[in-house]
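Student: Mind looking over this structure? Questions follow.
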Amino acid sequence: MANGYDSTYSDRFFVDINTRMRDLEEKQRLLKERIILVNETVVKERERVDRLLRELTKEVEGLKMEMKRMKELLERVGETLDHTARKEELDLVRKQIDLMRGVHGVS
């Protein structure tokens, strides 16, 4: 009986070990598949982010150039305005001319 008990016990032990090994191998296979999928997703996302970053960089460069042109235009307009008479100044000159016409009797 001792031999029968030992044999049954050892058979169950090896069956249990084989089952556990198959379970571990299956878990390892599933993990490997998940890692592959995650890696593919990461690569695709990185490519998307790189593409977006290049587009944004181009857009920022374009905006910088546009801002530079606008700044130059505003500087030219400001310089031109500095050299032209302002409305208030023109009104003051008109009043002075009107006063001089009234004093000197010139119509």
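Student: Here are some residues: Leu52, Leu24, Leu56, Leu63. Which one is more than 22 Å from the chain's Cα centre (by Cα), aliphatic (A, V, I, L, M) and surrounded by 10 or more Cβ atoms within 10 Å (Cβ to Cβ)? It would help to see each step written out before you state the result.
Tutor: Details: Leu52 fails: more than 22 Å from the chain's Cα centre (by Cα); Leu56 fails: more than 22 Å from the chain's Cα centre (by Cα); Leu63 fails: more than 22 Å from the chain's Cα centre (by Cα).
The conditions single out Leu24.
Student: At pLDDT 95 or above and part of a helix (DSSP H, G or I), is that true of Thr80? Working first, answer last.
Tutor: Working: at pLDDT 95 or above: no; part of a helix (DSSP H, G or I): yes.
In short, no.
The values are calculated or read from the model by the stated rules, or taken from the named source; none is laboratory data. Note that this is a predicted model, so its numbers are computed, not measured. Because the Cβ atoms are built from the backbone with ideal geometry, glycine has one as well, and the counts that use them run over all protein chains shown.
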